[in-house]
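S.K.: Mind having a look at this structure? Questions to follow.
The values are calculated or read from the model by the stated rules, or taken from the named source; none is laboratory data. Everything quoted here is computed from the prediction, not taken from an experiment. Note that each Cβ is placed from the backbone with ideal geometry, even for glycine, and that neighbours are counted across all protein chains shown. Ligands, DNA and RNA are excluded from the accessible area calculation, which covers all protein heavy atoms including side chains. Shrake-Rupley method; radii C 1.70, N 1.55, O 1.52, S 1.80 Å.
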Amino acid sequence: MSRTEREGVTLYYEAVGSGQTVVFVNPAGYGAWCWSWLVDALAGPVETLVWDYRGTGRSDGPPGPYDVGTLAADLDAVLADHGVDGVHLVGAGLGGMVALEHAFRGARAETLTLVGTTADGARVNADALDALAAPRDDADALRESLRGAFSAGVVADHPDAVDRIVEWRAEDDADAAGWDAQTAAMTNYDASDRLYEMTRPTLVVHGRADGVVPFDAGRALADGLPRGSFQPVETGHLAAAADPGAVEDALTGFLASEGVDGV
C-alpha cells in the first residue's frame with residue numbers, strides 16, 4: 001500500500017505482482033473493489049495497480065468540483081510516484097475517460113482498454129448514472145442500486161457475491177459529494193473531436209445491456225479511434241464485476257497481441 005500527494009491531496013494506490021504494469025481506473029463513484037476479480041486473475045504474471053480517486057476510498061482531499069483532466073493528472077502523479085512508464089491502462093466508465101485523457105496528455109500509456117465508456121459525456125444516460133449512487137450506510141439501498149449497474153437477474157441470482165459487493169461499497173465508495181463530482185466530470189467530458197489523435201492500440205469492451213453508456217456509444221468510440229477494436233460482452237455497465245471472466249479473456253487476448261508477457 002502506497003500514498004503520494006498532489007496539490008495537497010493524498011492519493012492511495014496499491015500494486016502487486018511483477019512484470020509489465022496494468023493500471024485499473026475506476027468507474028464514477030466506486031472504489032477499486034470493482035477490479036478485485038481481474039486483479040486476482042492477473043497479479044503475478046503482470047504487475048497490477050489500483051488507486052482511489054481523490055475523496056474516495058483511502059484517498060483524501062476535497063470531493064469536487066473537478067474535471068476529467070484533474071483525475072488524469074492525479075493518475076500521472078500516482079504513476080510517477082510508483083516509478084513506472086510504459087503502462088497498460090484499463091478504465092471503466094469515468095475511468096475510461098480518465099485513461100483516455102491521460103494518454104492524450106502524456107507518453108506513459110502503451111495501450112488502452114476502455115470498458116463501458118464513451119468519449120462524449122453527452123451520450124451518458126445521466127439519470128441511469130445517478131441511480132447507481134446510494135448512501136454508504138444503507139445496505140438495502142446499496143444492493144438495490146446495483147440493479148442499474150448489472151444486466152437483468154444478476155442481483156437476484158448471485159446473492160453472496162452481491163452481499164460482498166455491498167460490504168465493499170460501504171467501505172470504499174465515494175460519499176454523496178464525491179459521487180456528484182465524479183458523475184459531473186463524466187457527463188461534462190468530451191474528447192470526441194480528438195479521437196483521431198489517439199494512436200495507441202485501444203480495445204473497447206462494452207456490455208450489450210449497459211444502461212448508463214449506450215452500446216452504440218461504445219461502438220462509436222471504437223470506430224473513431226485509429227487503432228481501435230471492439231469487443232461486446234453480455235453484461236451491463238459494471239462489466240468487470242458482473243462477468244470478470246469475459247472481460248479477462250478480452251483483456252488478456254488484447255495484451256498478449258500487443259506483446260505483454262505472462263498474460
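S.K.: Could you tell me which of the residues 241, 185, 181, 156 is small (Gly, Ala, Ser) and exposed (fewer than 14 other Cβ atoms within 10 Å of the Cβ)? Write out each step before concluding.
M.R.: Working: 241 fails: exposed (fewer than 14 other Cβ atoms within 10 Å of the Cβ); 185 fails: exposed (fewer than 14 other Cβ atoms within 10 Å of the Cβ); 181 fails: exposed (fewer than 14 other Cβ atoms within 10 Å of the Cβ).
So the residue among 241, 185, 181, 156 that is small (Gly, Ala, Ser) and exposed (fewer than 14 other Cβ atoms within 10 Å of the Cβ) is 156.
S.K.: Scanning the stretch 106-143 for residues that are in contact with a helix residue (DSSP H, G or I) (Cβ under 6 Å, 6 or more places away or on another chain) and charged (D, E, K, R), which turns out nearest to residue 211 (Cα to Cα)?
M.R.: 123
S.K.: Checking residue 73 against (1) over 20 Å from residue 172 (Cα atoms); (2) touching a Pro at 6+ places or on another chain (Cβ under 7 Å), which single condition isn't satisfied?
M.R.: Tallying (1) over 20 Å from residue 172 (Cα atoms); (2) touching a Pro at 6+ places or on another chain (Cβ under 7 Å), residue 73 fails exactly one: (2).
S.K.: Follow-up question, since we're still on this one. Can you name the condition, by its number, that residue 162 falls short on among (1) more than 28 Å from residue 102 (Cβ to Cβ); (2) open to solvent by 10 Å² or more (accessible area, probe 1.4 Å)?
M.R.: Single failed check for residue 162: (2).
S.K.: Okay, moving on. Please enumerate the residues belonging to the stretch 105-121 that are in contact (Cβ under 8 Å) with a residue 24 or more places away in the chain, open to solvent by 10 Å² or more (accessible area, probe 1.4 Å) and either of a type in the set (Ser, Thr, Tyr) or within 22 Å of residue 19 (Cβ to Cβ) (or both).
M.R.: Once the filter is applied, which keeps residues that are in contact (Cβ under 8 Å) with a residue 24 or more places away in the chain, open to solvent by 10 Å² or more (accessible area, probe 1.4 Å) and either of a type in the set (Ser, Thr, Tyr) or within 22 Å of residue 19 (Cβ to Cβ) (or both), the stretch 105-121 yields 106, 108, 110.
S.K.: I want to confirm something. Restricting to the stretch 105-114 and keeping residues that are hydrophobic (A, V, I, L, M, F, W, C) and in a strand (DSSP E or B), which single residue is farthest from the chain's Cα centre (by Cα)?
M.R.: Checked the stretch 105-114; the qualifying residue farthest from the chain's Cα centre (by Cα) is 109.
S.K.: Further question on the same structure: Out of (1) modelled with pLDDT of 95 or more; (2) in contact with a Lys or Arg (Cβ under 9 Å, 6 or more places away or on another chain), what's the single condition that is false for residue 207?
M.R.: Condition (2) is where residue 207 drops out.
S.K.: Answer with yes or no whether residue 259 is open to solvent by less than 50 Å² (accessible area, probe 1.4 Å), in a loop (DSSP other than H, G, I, E, B) and in contact with an Asp or Glu (Cβ under 6 Å, 6 or more places away or on another chain).
M.R.: Numbers: open to solvent by less than 50 Å² (accessible area, probe 1.4 Å): yes; in a loop (DSSP other than H, G, I, E, B): yes; in contact with an Asp or Glu (Cβ under 6 Å, 6 or more places away or on another chain): no.
The answer is no for residue 259.
S.K.: Kindly evaluate residue 149 against the criterion of being within 14 Å of the chain's Cα centre (by Cα), open to solvent by less than 10 Å² (accessible area, probe 1.4 Å) and of a type in the set (A, V, I, L, M, F, W, C).
M.R.: yes
S.K.: Tally time: how many residues in the stretch 221-238 are assigned to a loop (DSSP other than H, G, I, E, B), open to solvent by 40 Å² or more (accessible area, probe 1.4 Å) and either over 18 Å from residue 257 (Cα atoms) or in contact (Cβ under 8 Å) with a residue 40 or more places away in the chain (or both)?
M.R.: Total satisfying the criteria: 1.
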